[in-house]
Every structure is written in C-alpha cells, then in structure tokens.
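Some notes on the structure that comes next.
The values are calculated or read from the model by the stated rules, or taken from the named source; none is laboratory data. Every value quoted in this text rests on a predicted model; they were computed, and no experiment measured them. Neighbour counts are summed over all protein chains in view; Cβ atoms, including those assigned to glycine, are modelled from backbone coordinates with ideal geometry.
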C-alpha cells in the first residue's frame, strides 16, 4: 500500500473534480456500480464466505455473523438501494436562499459537496455499498474503513465500485483502508479530510472525537424512551412499546426506558408485563411500577442511564407529562423519544420541550432511520445539534457557498453618508 | 462571582425556557432592551469613557481605541440593529422539510434554538449588543466574553440587557464573564454549552479549537483574493480592487492577493500601481507583475500565504483562469474570493470550482458580511464547511428536530414480507 497521506491527498484532488460532475454523470456511475455488483455476485459471495469462515473460527457472536453475511437477498437490496438513490433529486447546486441586495445585485446560497468524508463503520458489507452510494450521489469523495471481520468482502466491494465508476466521473473518489494504524493516521489529516463519521461503540466514537481536529458527526449513546401518557390509546400503546423495544433490540433507536403515567399504570402495566414475559424481555421497574409487574426486578439508579441493546428495559411510573419530560431531559441521550397520547396539547408540548434529534408521537422509536424517513439511506444518525441532527442522508453531506453577482459594486458606495442603501429583497427559488 | 459552572448550569435551564417562548415575547424583550439602552445612554458612555481612559494609559493602538469607543452614533446604530432584528421573520419553528411516509403518517423537520452559545469576541461594545440581540431573537442563551479593554462597558451593557429582558422571557439567558480563567473553565463545560464561537486572532481561534470538545464555529485566517480576468471591464476592476484592499484593510474580508490575467496586465497594472501609490498601499509583485508596477517590491513565496490586514498586498500575473483557480485552491483561506469578468462562462467556472465560503463576481470582497447579506447582523464568519459557512446570522444559530406524528405505526408492520410500504410523498411547507 502506498503512503496513506499521499493517497488521501490524491483523493482531495479527486473530490474537487467529482464536485463539479453533472447529475447525469453521477447517476451513470451509480448505474455502472449496480451492474458491476450484480456481475460480480459470485466473487463477492466467495469473499464473504472467507470472512464468515474466519469469523466463525474466531468464535464471533451470532448477531455479528448475521450482520457480516452478504447473502443474495442483501446484495439485491443493496443494488435496489443504489437505484433508489438515483431516483432522488440531485442534492448538488440547490439554491437555499436567494436575495437581491440592491437592484440587480443578487446573492445566492447554493449547495456544494463537502469534499472528502471519512466513514468508519461496523462489519456490514451492505453498509459499505450504501455509504459509497450516498457519497457518490452527493459528489463527495470517501475514505472507507469497515469492521475488520468484513475485510475480504470490503476489499473486493471497494475495488468493484472503484473500477466501475472512476473512468465515468473522471476522478479518484473512493479509498478503502483496513488497519487501526491507518485510522489513527487518517485522524491527523485535517488538511485533506473535511468530515469524519464514526459508527460503532460509544467508547470508539468518543475516541475519535478526542483524537482529531476534523469535525465529527455521529452519536455515542442511544438511550431512547417511550412515554405512555394518561390520554394514550392503550390498544395502540402496547404494540408501539413492544415494537420500540423488541423489533431489533441491538439498534440505537430501540427503546431502553418506558415512562408510564400513573393514571393508566394499573390498566397498562399488567398487560405489558404479560407481553414482555412472553417475549423474554427482562424488566427493571421502579417502586410504583413493580406492583403491577410481578416478573420485574427492582430498578437501580443506574438503570435510567443504561443502553441495554438487548431484550431488557427500565420502566418508571410518572405523575405528569412534566415529570416525563424532565426525566428525559436528565437521562435521554437526545437521540429519539416518543409520546403515546391522544391529547394534542400534550403532543405539542412534548414536541416543543423534548430536546432530542427525533421526537415522535404515536409510533415506534424504531422509525428513526434514513431509509424510513425517505432520505435515501443514511450514513449515520447524529445526536450533535450542529450541522446535521438525526438520520444523516444526502442533505447532511452538503455544505453551501454564498455566491454574489454584482456589476462593479464597492462597499465604499454603501458606506458613504449619502451613499447607496441595501434593499434586501427575498427572491423566489426552487 | 458565584461558581461559574453553577451559573452556566442555570443558563442551560434558562435556555430550555427561552427556547419555547413565543415570537411576540422575544420581540417584546428586544424592544425593552432597546429602550433600556437609550435610557441608560449617559451611564454607558461614562463606563466606556473609563475603558477608553484605561486603554489610553496602557498605550493601546488607535485602531483598537476606535473599535472600543461607544459613541452616540454607535449606540444609535446598535439600537437600530436591534429594531432590524425584530423585523426579521421568526427563525424558530420553521418547517424545513415535510414528508408523508404513508397516508397520514407525517414527518417534519422543524427549526429549534441550539441551546447555550458561548461567544468570545473583541473589544467592541457594539458587538456585544449585536450578539446578544441575535441570541435572543433566535431563542438561544448566551455566555459573553468581550475583549478585556471593554470590561466596564461590557459589564454595564450585559446588566442593562439582562435586567430589561429576564422578566419578559421568564428565563436567565445572558451571562457575562471577564477573565481568561473563566474562558478556560467554559471550554470544559461541554455538558451545558452547545456551541462556541470565537472571534479574534488566528492563534486564539486555534487555541479554542484545540482545547475544547464543544463544537466550534469560526474562522482563523482571512486570505481573500480578487482575480481580474482577461475579459474584465477594467473600469470596474480598478474601483473593486481598491475597495477590496483599502476600504477597511484590518477586516478579515479585505483582499490580500490580486491575481491579474496576463492579457490585460500591461493595461491594468500601471493604473493600479498609480492608484495604490496614491493610497499608500505597499505591493509585493511577482516577476511578471513587477515590470508594470515601478513602485512594487519583489514578492517572496511567503507573500502568497500572508494575511497583511493593512495597506499591503501581493500581486501575481496568471496565464489563465485555471492558474488563478489553482492559486486560490493552494493559498486562499477559503473565506472570500472574487472574479472580475464579463465572461459568463468564466464566472460560472469560478463559482463552481473555487471552494470558499463566499465566491463573488464583479464586486468587492468587503461585501462578505451578515448585515450586507441581509442576515440581520452576524455572530461571525465561518470558514468551516460544517453547519454554517460564511457570515453566520440567525439561521446559523438554529438546529432542527425531526417530528414524526403517527397513529400507532410499528416498524414490524413495515418489515413483514407482505407488510406496509412507505410512499414518501413530499408535502408543501412554508
């Protein structure tokens, strides 16, 4: 492997070329990638078999093996995902603001690709295809570091994607790296890399944030909660709470805490207890809740701040929506929180006052996802309040430029005592 | 002074209250602040006189004294600025995206205040009023640290603003700090502070970025350039170049480098030389330019990377727009760069390919400013590509939340083999 810094410098030059390619060119490249993936299906499955074999030998958990597997279905879904990205409107060159400063003196805020984005993600070959697709669609170059268990799959996928697209876009725009050392080098290359998006464990994301000057977008914890209000439709509340907790417990948008209003606790909690028992969900309940949940364990203080990521959750009875909002302010990781209620005022208060990336009413926390949101997949979910918040799709991979078109205007003319004045007239834009 | 951490924790609680105040309440508070500033005009001028006296004693430069002075005109302008902020549409609660995921299942991306913003700025009392106004208008709490030379003015202004507004908005939202120690403590309070915006010297901004985990927005260098194309209207080029360099040479948006196409160098540079000589601008010219500019000094390599911030500049003759764009890519600080040309294709290439926050055609670089852009003043200019780029006004002080309103939807229903599908229909929004 050539020197990493040299390769990333090349990628920066490639990013400049990619940023000015047309919509049609980037779509053509995505189509070529889709075809190349299907043509190389057997080779991809063979590389993946090798990864699976090594993973089994090293005794990796079934959950990780399941994510690592790149089956025919997953390959088809990845290609379908690329096709869907092609259908989305071009995120490049959109006009976000348009204003006439003075007759004929026009200011525009237009979207442009950010540049070079470094993505560090888990051992999921389908994630590699999705992330590469989002980067190319949005005109950004990308450095990819996937989980080491998927090394053979990732190496082949990166090469297939690169070969199929580089001659079409006329730019080197994708680079795969494999070692932890390379990640550490990457984090020092602030001159060439514009944004780092780490996915993975809480401690890993923290490590990245603490070891680079490059801006980082991502999330560490996913402590999500569902609040069942006194005016909830309990027939809806039960399936929503069960889906939020059990539909995919290892996901960051799965619920960890259930808050239940005291006025409906005696009706709701016994049925929840019986469903959770059937599904094998271990419950840590507070003093008030435990009376209605014979199978629960008593909750300790630590339970309110725990991301279980498994069939386990904490349940608390609250005396008001205020107590629910204040519990969430104190313990939520500001990722996704939901209210179940038929009271419009309670919903609007929850929407206003809960300071999280995603705030939902009457549906499962598991909807917090770029595909489900209609963003054309996601590179990650951000709990940062800066730049992008919640699922990050094409829009989160854009920056803007202010473009000002004049006819000889000087600031001197606008600063003189009886000089020109700005009229700042908003203009329509698409 | 009470413990700073306690005070900032209080401010975080205040920020939550401020974030849900109505547009009318925040406007009323800004009006009350305007009145209070006018009522306390004499006391403000007295505090400012004390600062000026101390500053003169310590032998501070005329330029800083000029910025420090809070004259009647500047007080009037500051109050006028607050009135203009009131006129701008409410930035809180705006709908940025609206999408139906499935019939009746509506997703909205709505703007919300970021929370607590720490601003560190130079010794300009008018900047304090402007920043506090932007924070309040956008529903954000703010910690203010102004230049120490303005200590008495700042302390009084902060107190006047606080007293006039806190009972109206029902929240503590503004806190002034004075010492460098407090700044260092502030940078550790990531739990309570959502964003730091430092203004000041390159090295100070770097210091802030290197010493906090809180997101930072700002700019360090301001190496701006003007490229005079072969198809430029030289009658316009001359006043634009002069305005860009001399209208206020200490500003970050003043031009430091002038790039001139070789086909018009023999016509343009002698007249520029004579104007610059009259205005006392010292020129560092490359080998080709120096022949046309008898008063110039020969440029060294370092000149292309120098932010003079004074009546001094570097001039280079280039053989094509490509060379100009490539010079800017290598040496510009990606703040503001301008092209002077009558060739639409050259302008569009410059707009596309120059990767700077502000890219201008046929006008002065000095227009890079929140007030001139119609943003209702600015808290700073960002050269970051993340979150906000260029002048940062109300919009740059907002984050968003994704609000999803369902009727019992679970992800399980949408994941089943013959389950529900998303239709992702874009809905109109204001």
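Every residue, every condition in (1) under 17 Å from the mean Cα position of the chain (by Cα); (2) within 14 Å of chain A (Cβ to nearest Cβ); (3) surrounded by fewer than 21 Cβ atoms within 10 Å (Cβ to Cβ), yes or no:
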site: B:101; (1), (2), (3): no, yes, no
site: B:113; (1), (2), (3): no, yes, no
site: B:119; (1), (2), (3): yes, no, no
site: B:122; (1), (2), (3): yes, no, yes
site: B:144; (1), (2), (3): yes, no, no
site: B:162; (1), (2), (3): no, no, yes
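Residue A:127 meets the conditions (1) modelled with pLDDT under 95; (2) touching a strand residue (DSSP E or B) at 6+ places or on another chain (Cβ under 8 Å) in every case but one. The failed one is (2). Applying the set (1) modelled with pLDDT of 95 or more; (2) within 19 Å of the chain's Cα centre (by Cα); (3) within 23 Å of residue A:64 (Cβ to Cβ) to residue A:225 leaves exactly one unmet item: (3).
Selection of the stretch B:376-424 for residues being under 30 Å from residue A:191 (Cβ atoms) and part of a loop (DSSP other than H, G, I, E, B) yields B:378, B:379, B:383, B:384, B:385, B:386, B:387, B:388, B:389, B:393.
Does residue B:336 satisfy the criteria of being at pLDDT below 90, closer than 30 Å to residue B:92 by Cβ and more than 7 Å from every other protein chain (Cβ to nearest Cβ)?
Numbers: at pLDDT below 90: no; closer than 30 Å to residue B:92 by Cβ: yes; more than 7 Å from every other protein chain (Cβ to nearest Cβ): yes.
It is false that residue B:336 is at pLDDT below 90, closer than 30 Å to residue B:92 by Cβ and more than 7 Å from every other protein chain (Cβ to nearest Cβ).
Consider the stretch B:209-238 and keep the residues that are within 12 Å of chain A (Cβ to nearest Cβ) and out of contact with any helix residue (DSSP H, G or I) (no Cβ under 8 Å at 6 or more places or on another chain). The one that is surrounded by the most Cβ atoms within 10 Å (Cβ to Cβ) is B:215.
Out of the stretch B:354-395, which residues are over 28 Å from residue B:259 (Cα atoms) and at the interface with chain A (Cβ under 7 Å from one of its Cβ atoms)? Matches in the stretch B:354-395: B:374, B:386, B:387. Considering only residues that are assigned to a helix (DSSP H, G or I) and either more than 14 Å from residue B:26 (Cβ to Cβ) or outside the structural domain of residue B:149 (by TED's automatic domain parsing) (or both), which ones fall in the stretch B:69-95? Selection gives B:72, B:73, B:74, B:75, B:76, B:77, B:78, B:79, B:80, B:81, B:84. I'd like the full set of residues that are touching a residue at least 40 places away in the same chain (Cβ under 8 Å) and either in contact with a strand residue (DSSP E or B) (Cβ under 7 Å, 6 or more places away or on another chain) or surrounded by fewer than 16 Cβ atoms within 10 Å (Cβ to Cβ) (or both), limited to the stretch A:88-98. Across the stretch A:88-98, the qualifying residues are A:91, A:92, A:94, A:95, A:96, A:97, A:98.
Taken together, B:19, B:34 contain a single residue that is in contact (Cβ under 8 Å) with a residue 12 or more places away in the chain, assigned by TED's automatic domain parsing to the domain that holds residue B:163, under 30 Å from residue B:114 (Cα atoms) and in contact with a strand residue (DSSP E or B) (Cβ under 7 Å, 6 or more places away or on another chain), which is B:19.
Quick check on residue B:367: is it assigned by TED's automatic domain parsing to the domain that holds residue B:268 and surrounded by 23 or more Cβ atoms within 10 Å (Cβ to Cβ)?
Values: assigned by TED's automatic domain parsing to the domain that holds residue B:268: yes; surrounded by 23 or more Cβ atoms within 10 Å (Cβ to Cβ): yes.
So residue B:367 fits the description; yes.
Residues in the stretch A:197-205 include at least one that is surrounded by 15 or more Cβ atoms within 10 Å (Cβ to Cβ), at pLDDT below 95 and within 14 Å of chain B (Cβ to nearest Cβ). Residue selection: residue A:240 satisfies the criterion of being over 24 Å from residue A:129 (Cα atoms) and not in a strand (DSSP E or B). Taken as a whole, the condition of being buried (at least 23 other Cβ atoms within 10 Å of the Cβ) and either out of contact with any strand residue (DSSP E or B) (no Cβ under 7 Å at 6 or more places or on another chain) or modelled with pLDDT of 95 or more (or both) applies to residue A:376.
With respect to residue A:139, is the statement that it is crowded, with 22+ Cβ neighbours inside 10 Å, more than 30 Å from residue A:420 (Cα to Cα) and assigned by TED's automatic domain parsing to the domain that holds residue A:189 true? It is true that residue A:139 is crowded, with 22+ Cβ neighbours inside 10 Å, more than 30 Å from residue A:420 (Cα to Cα) and assigned by TED's automatic domain parsing to the domain that holds residue A:189. If you check B:107, B:37 for being more than 14 Å from chain A (Cβ to nearest Cβ) and either surrounded by 20 or more Cβ atoms within 10 Å (Cβ to Cβ) or within 30 Å of residue B:189 (Cα to Cα) (or both), only one passes: B:37.
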